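The values are calculated or read from the model by the stated rules, or taken from the named source; none is laboratory data. What you see is a predicted model; the values in this text were computed from it and never measured. Backbone-built Cβ (ideal geometry, glycine too); neighbour counts: all protein chains shown. Only protein heavy atoms, including side chains, enter the accessible area calculation; ligands, DNA and RNA are left aside. Shrake-Rupley method; radii C 1.70, N 1.55, O 1.52, S 1.80 Å.
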Amino acid sequence: MRISKKLTLLSLLFFTSFCHLYAQEKGNKVSPVRFLIKGSFEFGGDEVAEVYFTNGETQSVKAGQGGTLAIGGAFQVPGIEKLLFHATVGYKYVTTQADNVHIRLTRVPIQVMANWMATQKLRVGAGLATHQAIRFKADGIGQDITFGGATGPTFEVAYRGIGLTYTAMTYKDQDKHTYSANAIGLSLSLTIPER
């Protein structure tokens, strides 16, 4: 697993460096490489844990659920204005409404996506997502769970930076139990400078 993480991060670094060097070599006034910030909220997946509260209420923590903040780069392919590549690394987090313990599910998502600009404002994308360092922490009131890294396809349709996403993925814990981490969500993308 450590080799897989290193290769993924090395690929992301290589991609960003290549884009930067290409822009310098071409001497373009408008660089094909831009800084990318992306946020999303996703829902779905199998239940990892259920939390019981003293007032009788319960809350589920699901494998696909959470909010993500990611940074990376966007690369516009020269000569093919409609083709863009996005590469990001981020942090995905979900917690519960418990106020006396800090129960949470965290992971580090890395994503590479090819995008086609159907119109000037409508973008359709498909790519590959991997989640690393997947951890469920019960904060002492239950069992912590560690998951192996997971990889799956991801899709997005976005209009003016606001998108609908879908990712298909399966998590496997330390006891070899599997959980669907399939998630549907809403995303917000911002490139600097704007296109």
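Computed values, structure above
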item	result
Karplus-derived HN-Hα couplings along the stretch 52-57 (A = 6.51, B = -1.76, C = 1.60, θ = phi - 60°), whole Hz, x at Gly and Pro	9, 9, 5, 7, x, 7
At R0 = 30 Å, FRET efficiency that the Cβ-Cβ distance of LEU190 and HIS102 yields, to 0.05	0.50
Nonlocal amide H pairs with GLY64, under 5 Å, H built at 1.01 Å	GLY44, GLY45, ASP46
Accessible surface of the stretch 143-195, 1.4 Å probe, proportion on carbon and sulfur as whole %	61 percent
Cβ-defined net charge surrounding ARG104, 14 Å radius [Lys, Arg +1; Asp, Glu -1]	+2
Spatial separation of Cα centroids for the stretch 34-108 and the stretch 133-195, in angstrom	5 Å
Karplus (6.51, -1.76, 1.60) ³J(HN,Hα), θ = phi - 60°, over the stretch 79-87, in Hz, Gly and Pro reported as x	x, 10, 4, 7, 9, 10, 10, 10, 9
Table column - 3J(HN,Hα) (Hz), the stretch 107-121, Karplus curve with 6.51, -1.76, 1.60, x for Gly and Pro	7, 10, x, 10, 9, 10, 9, 8, 10, 10, 7, 5, 9, 4, 10
Gain on full stretching of the segment that runs from PHE35 to ASP144 - 0.36 nm per residue minus C-alpha separation	35.7 nm
Extension gain from GLN59 to ALA114, taking 0.36 nm per residue of separation minus the Cα-Cα distance	16.2 nm
Amide hydrogen neighbours beyond the local backbone of ILE103, cut-off 5 Å, H modeled	THR96
